[in-house]
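Visitor: Dumping the structure here so I can ask a few things about it.
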Amino acid sequence: MRKNYVLTDSEYKDICSLVYQNTGIILNEEKRKLAYSRFSRRLKALKLNSFGEYCDIVRAGDKNEMTHFANAITTNLTSFFRESHHFDRLVDDVMPALLKKPSRKIRIWSAGCSTGEEPYSIAIAILKKFPNIAAGWDCKILATDLDSKVLETASQGLYKAQGLDTLDDPEISINWFKKGIIDGVEYAQVLPQVRELIKFKQLNLMNYPWPMQGTFDVIFCRNVVIYFDQVTQKKLFSHFSKVQNIGGYLFIGHSETLKGFDTDYKNTGRTVYIKER
Ligand SMILES: C[S@@+](CC[C@H](N)C(=O)[O-])C[C@H]1O[C@@H](n2cnc3c(N)ncnc32)[C@H](O)[C@@H]1O
């Protein structure tokens with residue numbers, strides 16, 4: 001039988017503050033129903049009687065529960081070649097500039113990669129335009145997310161083929177995916193040469209200092225900061241700057257901006273920024 005839990009105002013306040021402290025994500029009154037539905041599943045799984053008891057477990061920092069807690073509240077909407085102008089900009093303008101680097105090393109970070117469509121789109125766009133990149137260049141894409149569940153999908157690179165129907169260029173589905181049927185449903189798996197360029201890792205962007213060494217020529221952090229408040233966004237942009245050299249690029253989502261923040265980045269086209277100091 002389905003149990004109906006009561007979420008009091010003070011319990012919701014506690015949940016909001018725990019979510020903010022642990023993920024940077026801001027919840028408001030509009031998100032109350034969503035939070036109720038996502039977290040009541042955890043109450044059920046843990047056989048708890050109240051949200052208060054659940055908050056105590058989270059507050060105690062139980063490692064296993066922290067993973068479920070974060071996974072429960074993230075929004076993972078994504079798609080292949082989302083905001084396609086970014087991939088054109090990457091291969092038409094950014095990559096040709098990077099291919100002048102004497103080090104022959106290119107590092108790209110997809111921060112908040114969700115189920116992997118973003119880093120795979122980056123890799124496909126690059127391989128399509130520069131098919132021999134792997135031969136002469138050390139080109140790697142790091143793809144990270146807070147949510148461990150989405151990273152499982154991302155690592156497999158296995159998607160319902162239907163998700164490719166919206167692509168402007170049908171050749172992408174033909175040339176870069178292997179198709180198969182599982183339980184009567186058509187699936188598409190990203191080809192090994194694309195997957196080889198990418199390393200997936202779990203990373204909470206709020207946990208500074210980040211463990212990565214070295215700098216990134218390009219950072220994609222799209223449709224992630226939209227869930228954060230201004231203080232958290234400012235801090236994140238300043239940390240991105242610390243892992244980029246002057247001339248590094250930062251791509252953000254269509255409804256995000258660096259305007260109003262005093263950052264090291266200068267706008268250089270539609271939601272694309274370059275580190276200038
Ligand atoms: C809406 S998706 C965006 C996916 C992709 N970048 C795109 O634009 O299609 C936002 C992602 O940010 C991740 N995220 C949210 N808070 C995060 C945090 N504190 N650290 C790392 N990733 C986070 C979520 O788990 C989610 O997968």
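Visitor: Just to verify a result, which residue in segment 70-91, among those that are within 30 Å of Asn28 (Cβ to Cβ) and not in a helix (DSSP H, G or I), is farthest from the chain's Cα centre (by Cα)?
Guide: Among residues in segment 70-91 that are within 30 Å of Asn28 (Cβ to Cβ) and not in a helix (DSSP H, G or I), the one farthest from the chain's Cα centre (by Cα) is Glu83.
Visitor: Could you list, in sequence order, the residues of segment 182-193 that are in contact with a helix residue (DSSP H, G or I) (Cβ under 9 Å, 6 or more places away or on another chain) and free of Cβ contacts under 8 Å to residues at least 40 places away in the same chain?
Guide: Val185, Glu186, Tyr187, Ala188, Gln189, Leu191, listed by residue number.
Visitor: Every residue in segment 241-268 that is within 24 Å of Gln21 (Cβ to Cβ) and among the basic types (Lys, Arg), please.
Guide: Scanning segment 241-268 gives a single hit, Lys242.
Visitor: So, in segment 104-124, of the ones that are in a loop (DSSP other than H, G, I, E, B) and farther than 13 Å from Arg222 by Cβ, which residue ends up farthest from the ligand (Cβ to nearest atom)?
Guide: Out of the qualifying residues, it is Arg104.
Visitor: For segment 152-166, enumerate the residues that are in contact (Cβ under 8 Å) with a residue 60 or more places away in the chain and within 22 Å of Leu203 (Cβ to Cβ).
Guide: If the condition is that a residue be in contact (Cβ under 8 Å) with a residue 60 or more places away in the chain and within 22 Å of Leu203 (Cβ to Cβ), then no residue fits.
Visitor: (1) exposed (fewer than 14 other Cβ atoms within 10 Å of the Cβ); (2) in contact with a helix residue (DSSP H, G or I) (Cβ under 9 Å, 6 or more places away or on another chain): which one isn't true of Pro211, the others all being true?
Guide: It is condition (2) that Pro211 fails.
Visitor: So Leu46 ticks every box in (1) away from the ligand (no atom under 16 Å from the Cβ); (2) outside the structural domain of Phe220 (by TED's automatic domain parsing); (3) over 20 Å from Lys149 (Cβ atoms) but one. Which box is left unticked?
Guide: Among (1) away from the ligand (no atom under 16 Å from the Cβ); (2) outside the structural domain of Phe220 (by TED's automatic domain parsing); (3) over 20 Å from Lys149 (Cβ atoms), the lone unmet condition for Leu46 is (3).
Visitor: When Ile126 is evaluated against the numbered criteria (1) free of Cβ contacts under 8 Å to residues at least 60 places away in the same chain; (2) of a type in the set (A, V, I, L, M, F, W, C); (3) touching a helix residue (DSSP H, G or I) at 6+ places or on another chain (Cβ under 8 Å), which criterion, by number, is the only one it fails?
Guide: That leaves (1) as the condition not met.
Visitor: Is it the case that Thr268 is touching a residue at least 40 places away in the same chain (Cβ under 8 Å), polar (S, T, N, Q) and more than 16 Å from the ligand (Cβ to nearest atom)?
Guide: Answer is no for this residue.
Visitor: Could you tell me which residue of segment 224-240 is nearest to Tyr20 (Cα to Cα), considering only residues that are more than 12 Å from the ligand (Cβ to nearest atom) and buried (at least 19 other Cβ atoms within 10 Å of the Cβ)?
Guide: Phe237
Visitor: Here's another thing I want to ask about it. From Lys234, Lys199, Lys149, Lys242, grab the single residue that is in the same structural domain as Lys266 (by TED's automatic domain parsing), touching a residue at least 24 places away in the same chain (Cβ under 8 Å) and either under 25 Å from Arg270 (Cα atoms) or β-branched (Val, Ile, Thr) (or both).
Guide: Sole residue among the options that is in the same structural domain as Lys266 (by TED's automatic domain parsing), touching a residue at least 24 places away in the same chain (Cβ under 8 Å) and either under 25 Å from Arg270 (Cα atoms) or β-branched (Val, Ile, Thr) (or both): Lys234.
Visitor: I'm trying to understand the selection: among the residues of segment 225-268, which are of a type in the set (Gly, Ala, Ser) and closer than 24 Å to Leu77 by Cα?
Guide: The answer is Gly253, Ser255.
Visitor: Run down Leu158, Leu151, Leu146, Leu167 and say which single residue is touching a Phe, Trp or Tyr at 6+ places or on another chain (Cβ under 7 Å), over 14 Å from Glu196 (Cα atoms) and buried (at least 21 other Cβ atoms within 10 Å of the Cβ).
Guide: Leu151
Visitor: One residue is enough: does segment 169-184 have a residue meeting the conditions in contact with a Pro (Cβ under 8 Å, 6 or more places away or on another chain) and aliphatic (A, V, I, L, M)?
Guide: Checked segment 169-184: no residue is in contact with a Pro (Cβ under 8 Å, 6 or more places away or on another chain) and aliphatic (A, V, I, L, M).
The values are calculated or read from the model by the stated rules, or taken from the named source; none is laboratory data. Only a predicted model underlies this, so the values are computations on that prediction, with no experimental measurement involved. So basically every Cβ, Gly included, is an ideal-geometry build from the backbone, and we count neighbours across all protein chains shown.
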